[in-house]
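This report concerns only the one structure given below.
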Amino acid sequence: GCPDFRLASEAIAKAYALVEDEIQTNTNPPTKEVSFGTSGWRGIIGKDFSLHSVALVAQAIVAMYRELDQNDSLAPALGVRNFAEAQQRGAVVGFDNRFGGSLLAQRVIEVLTSNGITVHYAHEATTGTLSAAVLMLLVRLEGGVPRDHGSPPGSVMARVMANGQGRTTDVERG
């Protein structure tokens, strides 16, 4: 083989190993404040998106659904009456083809299942496919990681509301 190609391949493999290590070990807060774009939380893989930060956000989403049992004011936006209904209807989890998506999706699945939420795992999928699954299964959560329609190294932890639309809502802003 071509020596330049081999050297480039080795350098790329080292870079990916560093990012994977950062995804797995970074416990620092995200580098920028969590903000939501068209289909969810935008950030940089390894910096904003780590197993730690994704688990914290997933647990915060679960807490929002648990809160329905004490305060049902978000029930219309969340599409369920209480946490038991959210657990039963479940969540669709998937990721796009960007590096680290599978690792991050697995962490979301761990958080959801540890809270008794049924998970419908889509593996690698497009935003449209995940949105369609939300509608077809009548689930109320979608955790898609990473997802971004801009250029790398961007990523997004996506949340699709009960109607399957990927958009920022008052629930996500609050």
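The values are calculated or read from the model by the stated rules, or taken from the named source; none is laboratory data. These figures come from a predicted structure and were not determined experimentally. As a convention, Cβ positions derive from the backbone with ideal geometry for all residues, glycine included, and neighbour counts pool all protein chains shown. For accessibility, only protein heavy atoms count, side chains too; no ligands or nucleic acids. Shrake-Rupley method; radii C 1.70, N 1.55, O 1.52, S 1.80 Å.
The number of residues in the stretch 95-121 being more than 24 Å from Asn82 (Cα to Cα) and part of a strand (DSSP E or B) comes to 1. Please indicate, with yes or no, whether at least one residue in the stretch 91-106 is of a type in the set (Val, Ile, Thr), open to solvent by 10 Å² or more (accessible area, probe 1.4 Å) and within 21 Å of Glu124 (Cα to Cα). No, the stretch 91-106 contains no residue that is of a type in the set (Val, Ile, Thr), open to solvent by 10 Å² or more (accessible area, probe 1.4 Å) and within 21 Å of Glu124 (Cα to Cα).
Checking the structure you have, find out if any residue of the stretch 129-147 is at pLDDT 90 or above and either outside any helix (DSSP H, G or I) or closer than 20 Å to Trp41 by Cα (or both).
No; the residues of the stretch 129-147 include none that is at pLDDT 90 or above and either outside any helix (DSSP H, G or I) or closer than 20 Å to Trp41 by Cα (or both).
Residues being assigned to a loop (DSSP other than H, G, I, E, B) and either open to solvent by 10 Å² or more (accessible area, probe 1.4 Å) or closer than 19 Å to Asn115 by Cα (or both) are represented in the stretch 54-76 by at least one member. Contact annotation: no residue pair with Cβ atoms under 8 Å, 6 or more positions apart or on different chains, pairs a residue in the stretch 52-80 that is on the phi > 0 side of the Ramachandran plot with a partner that is in a helix (DSSP H, G or I).
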